[in-house]
Amino acid sequence: MKELVEILAKALVDHPEAVDVRLVEREKSVRIELRVAPEDVGKVIGKQGRVARAFRQVVKAAAARSGKKVVVEIL
Amino acid sequence: MQEVIKSGKTVEEAVKAALAELGVGEEEVEVEVLEEPSRGILGLFGSRPAKVRVVKKPTPGEKAKALLEEILRVMSLEGKVHLKEDGESVSLEVEGENLGVLIGRRGETLNALQYLLGLAACRNSSVKKRILLDVGGYRKKREETLRALALRLAEKAKKRGRNIVLEPMSPQERRVIHMALKGRDDIYTFSEGEEPFRKIVIAPRK
């Protein structure tokens, strides 16, 4: 899951080296924290959050099999 | 990735030779000058040709395909990606078993993935192309379903003499319906509402 977020984020930003993904596991959910370079934040959020929404959709699908709820936070 | 190293009297000449060998245009490559030409002393001693390395940049389609294969790998999915690319659009088709997870409810995941691939593929590229993604023939089947639905509802709208409003659909799906019912003199179609909840209305002509 972490890898998926990393790959997608790196493909969208100008500074792939600044992409940082952390997993915070909880009992029934996983929180994925995505950090990117300040000038790239807009690229992973998109107009009206369109990119972020697509991002969450894909990650949710990938996570479906694990049975855990996944939250992607862009920080 | 393809690359060639060429020499020539000038940098331009060397680049030209390299482009000819790669069979691509100037906007599709990156050029690195390895050695500037030097005329030498009095044009006699130590004259040296220009030397350049010309690397073919991956096309949007190639970029999208590589990213998609990477995504399949990290999701532990087995699928073969077929790529078709022309001047305006890129079509990626994934073939394999158990790929439903990539489609999602009503193709939601498929559309999200297609959107992300499109962004990633055309980033930093002078050529912008439309990226179309299909998994296991889902879109093709969905298109047929939509066309059949359009024809059926058109009949209903005509018979009842009333507007029929469809459920919200993506621009791509709406397009299929508009196209299926285009140019008819008994009914016409239009869309209303705001994305992502825009819906088609089929209306009888009076």
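The values are calculated or read from the model by the stated rules, or taken from the named source; none is laboratory data. Keep in mind that this is a model prediction, so the values were computed, not measured. Cβ sites come from the backbone with ideal geometry, for glycine too, and all protein chains shown count toward neighbours. To get the accessible areas, we keep the full protein, side chains included, count just its heavy atoms, and leave off ligands, DNA and RNA. Shrake-Rupley method; radii C 1.70, N 1.55, O 1.52, S 1.80 Å.
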Once the Cα gyration tensor of segment B:3-56 is diagonalised, what are the square roots of 5 times its eigenvalues, in whole Å and ordered largest first, as equivalent ellipsoid semi-axes? 24, 9, 7
If you average the sequence gap of Cα pairs under 8 Å that are 6 or more apart and divide by the length of segment B:5-92, what percent do you get for the contact order? 26
What do the square roots of 5 times the Cα gyration tensor eigenvalues come to for the protein assembly as shown, in whole Å, largest first, as semi-axes of the equivalent ellipsoid? 46, 28, 16
Buried area at the A-B interface (accessible, heavy atoms, 1.4 Å probe, summed, Å²): 1700
What FRET efficiency comes out for the pair B:VAL31/B:LYS84, r = Cβ-Cβ distance, R0 = 25 Å, nearest 0.05? 0.30
Evaluated at 4 °C with a viscosity of 1.567 mPa s, what Stokes-Einstein diffusion coefficient in µm²/s does chain B have when Rh comes from the Kirkwood expression over alpha-carbon pairs? 62
Find the accessible area per residue for chain B; the probe is 1.4 Å, ligands and nucleic acids are left out, and the unit is Å². 61
Where the convex hull is taken over the Cα atoms of chain A, what is its projected area averaged over directions, in nm²? 4.5
Listing of segment B:90-107 residues, each with accessible area lower by at least 40 Å² in the full protein assembly than in the chain alone (probe 1.4 Å): B:VAL101
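For segment B:145-204, what Kirkwood radius comes out of the mean inverse Cα-Cα distance, in Å? Write down the numbers at each step before the final one.
Working: mean 1/r = 0.0890 Å⁻¹.
In segment B:145-204 this quantity evaluates to 11.2 Å.
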Relative to the compact globular guide of 2.2 N^0.38 Å, what is the alpha carbon radius of gyration of segment B:37-132, as a ratio? 1.71
Residues A:SER29 and B:VAL101, FRET efficiency given R0 of 25 Å [Cβ-Cβ distance, rounded to 0.05]: 0.85
Tell me, what ³J(HN,Hα) does each residue in segment B:126-133 have, in order and in whole Hz, if you take phi through Karplus 6.51 cos²θ - 1.76 cosθ + 1.60 with θ = phi - 60° and put x for Gly and Pro? 6, 8, 9, 10, 7, 9, 10, 10
Run the paramagnetic zone check for B:ASP186: 7 angstrom along Cα to Cβ, then residues of segment B:113-157 with backbone nitrogen under 16 Å. B:148-157
Let me know the charge dipole size of segment B:18-102 about its Cα centre in debye, to the nearest 20, where only the beta-carbon of Lys, Arg (+1) and Asp, Glu (-1) is charged. 500
In straight Cα distance, which lysines are under 18 Å from B:LYS6, not counting same-chain residues fewer than 8 positions off? B:LYS16, B:LYS51, B:LYS56, B:LYS57
Over the protein assembly as shown: helical MRE at 222 nm, DSSP H runs n ≥ 4 each giving -39500 (n - 2.57), nearest 500: -12000 deg cm²/dmol
On the protein heavy atoms, probe 1.4 angstrom, tell me the percent of accessible surface of the protein assembly as shown carried by carbon and sulfur. 50
